[in-house]
Amino acid sequence: MVITDGFTSTEPSPSLEISRGARALRLVAGGSWIARQAAMIDPQLRAIDVRGMSEAQIDGSAIGELDSTGGWLLVRTKLTFEAAGLRVTLFQVPERYMALLALIEAEHVVPPIEVEERDTLKAFLERIGLATHNALIQAVGILSYVGRVTLEWLESIYHPRGNLRVTALVHQIEEVGINALPIVGLLIFLIGVVLAYLGITQLKRFGAEVLTVDILGAGLLREVGVLITAIVIAGRSGSAFTAQIGTMKVNEELDAMQTIGLNLVDVLILPRVVGLVIALPFLTLYADVMGLIGGATMCYFDLGMTIPAFMRELHQAVSVNTFVVGLIKAPVFAYVIGMVGCYEGMNVERNAGSVGKLTTRSVVESIFLVIVLDAGFAILFSFLGI
Amino acid sequence: MGGEAKETVIQLRGVVNRLGGRTIHDHVDLDVYRGEVLGVVGGSGAGKSVLLRSIVGLRRPQAGSIEVFGEDVLSLGEAALRLLQVRWGILFQDGALFSSQTVAENIQVPLREYTAMSQSLMNEIAAMKLSMVGLPEDTAHKHPSELSGGMRKRAGLARALALDPELVFLDEPTSGLDPISATQFDNLVRDLQKSLNLTVFMVTHDLDTLKATADRIAVLVNGRLTVGTIDSLRQDKDPWIQEYFSGPRGRAALSS
């Protein structure tokens, strides 16, 4: 038996001779009929014209190397001949490949058709329709989920079953609140610096650079502080919720919890959502302070405004109302971020790709909802004249 | 194979693997010959899968040499390793199918990567491989998440066989399968091994599989390999090996 070594030999190419008699077709195959060379002979074999022929011979006895792909090419050719009404009088390969050929012949099947056209107008419209449909289904799904969980935990307030797990809750507060302090603090400090710089350069033209403090105070306390904090937390904790719950679902942990009799809302969702609702207002408070420190730093270096002077200006510029208006949004944002994160986690299917896909979706959705809600609040407050 | 001198396909010399301070392979030597089925057994955590991962280049041992088809796996460059990889196929424990692709696309990944076949020929080859491993045609369009564990293993085997490798690594091919599916899988491996003239390196726990398919068995105990046939290993003095082959399960599997 010849053992061809793929490294030393420069792979011998396959050969195919087709000779036509009056009514008989003769194929002589030789060389290497293997997967890597199959592309060289496949088109030739497909193009064989069998019209007017009644007999065919396939002689592969000169084949040096044959694998299942090559074997399939031979078997397919034979089957095509037979389907066209030809009588195959000779079908031969070297002795050592008979077992392989028998295996392929015993197993031959119609190939699956799977190449589909993707670039037609119809497919384009279909994709748009499908995406719209999915978006609607998704919106209804989130809404009904938020409703269900809200009912469930309102009920637990009216009829306490002791179902708020304190240890898990404290752990979540640490995870989403305390551990987020460095990143939130740094970001909002820098944003304070940027806002102050912007105010100073623009207001200098009117000689009103002192009003920078007003911009800082109102902007940070009312909008930017809570919004940036919520967006950072959506990216940091909302995604973590989805990934954690999703991975647990992939590992069948959720099923295990249910069979043990644990309530998934109690165990997984309430600690996370309540923890976030408690933590985000405090984070926002902290962010407001850090943002003002950033602004004060800029004012000190650019305007030479001392800290006491800054504080005096700030005191005149903002009221407690401004601060409360910003802070009151925090629990609402937290609720939405937590809910979306948990909802998408529950939606994960049992495959690895699904976790990543839904985590992305969870972040995009919660940031989207946070901004939409913020706009809603702005409209509401302007109606109320706050 | 007859009277020819046995050709060594895999050769391990003095392989040492340490994981977290624990030596799991202590100067392991092993030869795997062309055309044989070698079963590797050992307790949970004994390092069977680590051995497999070392041979296929997924893990670098701390010491020793590993040759596959006469090439030193540990010192090969990227391109040479690629050439070597074409000549072996691996079935991972749970199939390790690419979850974003259908079964047919999974099988076609190596074909697309290493050959210039037309799409229609690749479809035909995928269909042939599927029927070779005993999966129904409609499996081709399914995603891995829609398949049962046994079907995933078969599909994984079909992908491993896509390029007609000479050497196939099987990692726990029958774990998690019901006895009927496991027996069918054993027969499948044996049949394919004969008709495609494969060399098989198989990590397993399953005594029935060993009895049905393996020509030789390598037992991994305390970081050392003992190689032999079922009969010779039953005579071995090592307590673990004794327990393995002569315990209640061992006796039941081997006496049938």
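FYI, it's all coordinate maths here, none of it is from the lab. Remember, predicted model here, so these are calculated numbers, not experimental data. We place every Cβ from the backbone using ideal geometry, glycine too, and count neighbours over all the protein chains shown.
Annotations
- Within chain B, the longest run free of exposed loop sites, counting trypsin sites (Lys or Arg not before Pro) that sit outside DSSP helix and strand states (H, G, I, E, B) and have at most 12 other Cβ atoms within 10 Å, spans B:7-236.
- Note on chain A: with a GNM built from Cα contacts shorter than 10 Å, the maximum mean-square fluctuation among A:MET346, A:MET305, A:MET40 falls on A:MET40.
- Cβ neighbours within 10 Å from other chains - mean over B:124-136: 5
- For the residues A:LEU276, A:LEU303, A:LEU74, a GNM of chain A with alpha-carbon springs under 10 Å puts the largest fluctuation on A:LEU74.
- The distance separating the Cα centre of the stretch A:225-247 from that of the stretch A:327-342 comes to 10 Å.
- Estimated purely from DSSP H runs of n ≥ 4, each contributing -39500 (n - 2.57), the mean residue ellipticity at 222 nm for chain B is -11500 deg cm²/dmol once divided by its residues.
- Efficiency of FRET between A:ILE371 and B:ALA96 - r from beta-carbon atoms, R0 41 angstrom, step 0.05: 0.50
- Residue by residue, the stretch A:191-199 carries 3J(HN,Hα) couplings of 5, x, 4, 5, 4, 5, 4, 4, x Hz when phi is fed to the Karplus relation 6.51 cos²θ - 1.76 cosθ + 1.60 (θ = phi - 60°); x denotes Gly or Pro.
- Table column - 3J(HN,Hα) (Hz), the stretch B:63-78, Karplus curve with 6.51, -1.76, 1.60, x for Gly and Pro: 7, x, 10, 10, 10, 10, 6, x, 9, 7, 4, 6, 10, 6, x, 3
- Nearest-20 debye value, chain A charge dipole, Cβ charges on Lys, Arg, Asp, Glu: 600
- Euclidean distance between Cα centres, the stretch B:209-245 to the stretch B:35-83, Å: 20
- Expressed as a fraction of 2.2 N^0.38 Å, the value expected for a compact globular protein of N residues, the C-alpha radius of gyration of the stretch A:249-294 is 1.82.
- Straight-line cross-link reach from A:LYS204 at under 16 Å between alpha-carbon atoms covers these aspartates and glutamates, not counting any fewer than eight positions away in the same chain: A:ASP214, A:ASP302.
- Average projection, convex hull of the Cα set of the stretch B:95-164: 4.0 square nanometres.
- Springs between Cα atoms under 10 Å define the GNM used for chain A, and in it the highest mean-square fluctuation of A:ILE260, A:ILE191, A:ILE228 occurs at A:ILE260.
- Sorted by Cβ neighbour density within 10 Å, fewest at the top, the residues A:THR167, B:THR183, B:THR139: A:THR167, B:THR183, B:THR139
- Think of it as helices only: each DSSP H run of n ≥ 4 in chain A is worth -39500 (n - 2.57), and spread over all residues that comes to -22000 deg cm²/dmol at 222 nm.
- Sorted by Cβ neighbour density within 10 Å, fewest at the top, the residues A:SER354, A:SER32: A:SER354, A:SER32
- Computed on the Cα trace of the stretch B:120-256, the radius of gyration divided by the Kirkwood hydrodynamic radius gives Rg/Rh = 1.03.
- Long-range amide H partners of B:VAL40 with built H, under 5 Å: B:MET202, B:VAL203, B:THR204, B:ALA218
- Computed across chain B, the Kirkwood radius stands at 19.0 Å (inverse of mean 1/r, all Cα pairs).
- Length-normalised contact order of chain A in % [C-alpha pairs under 8 Å, at least 6 apart]: 16
- Each residue in A:THR284, B:THR115 was given a count of other beta-carbon atoms within 10 angstrom of its own, and listing them fewest first yields B:THR115, A:THR284.
- A simple count of charges around A:VAL28, restricted to other residues whose Cβ falls under 14 Å of its Cβ and scoring Lys, Arg +1 and Asp, Glu -1, yields 0.
- For B:ALA116, nonlocal amide neighbours, meaning residues 5 or more places apart or on other chains whose placed amide H falls under 5 Å from its own, are A:ALA39.
- Counting all C-alpha pairs of the stretch B:87-127, share separated by more than 17 Å (%): 34
- Applying a threshold of 32 Å to the alpha-carbon distances of B:LYS211/B:LYS237; A:LYS122/B:LYS129; B:LYS6/B:LYS142; A:LYS357/B:LYS194; A:LYS122/A:LYS357; A:LYS122/A:LYS249 flags A:LYS122/B:LYS129; B:LYS6/B:LYS142; A:LYS357/B:LYS194; A:LYS122/A:LYS249 as lying beyond it.
- As a length-normalised measure over Cα pairs under 8 Å and 6 or more apart, the relative contact order of chain B settles at 24 percent.
- Over all pairs of different C-alpha atoms in the protein assembly as shown, the reciprocal of the mean inverse distance, the Kirkwood hydrodynamic radius, equals 30.4 Å.
- Only Cα pairs under 8 Å and 6+ residues apart enter the sum, and on that basis the relative contact order of the stretch B:95-164 stands at 50 percent.
- Scaled against 2.2 N^0.38 Å for its residue count N, the alpha carbon radius of gyration of the stretch A:297-359 is 2.05.
- Pairs of Cα atoms farther than 34 Å apart, the stretch A:148-384, %: 25
- Among the residues of A:69-78, the average count of other protein chain beta-carbon atoms within 10 Å of the residue beta-carbon is 3.
- Radius ratio Rg over Rh of the stretch A:225-319, counting only Cα atoms, Kirkwood formula for Rh: 1.27
- For B:LEU91, the residues whose modelled amide H falls within less than 5 Å of its own, excluding neighbours fewer than 5 places apart on the same chain, are B:PHE169, B:LEU170, B:ASP171.
- Kirkwood radius for the stretch A:15-107, taken over all pairs of different Cα atoms as the inverse mean of 1/r, rounds to 13.2 Å.
- If you wrap the stretch B:1-98 in the convex hull of its Cα atoms and look at it from every side, the mean projected area works out to 7.8 nm².
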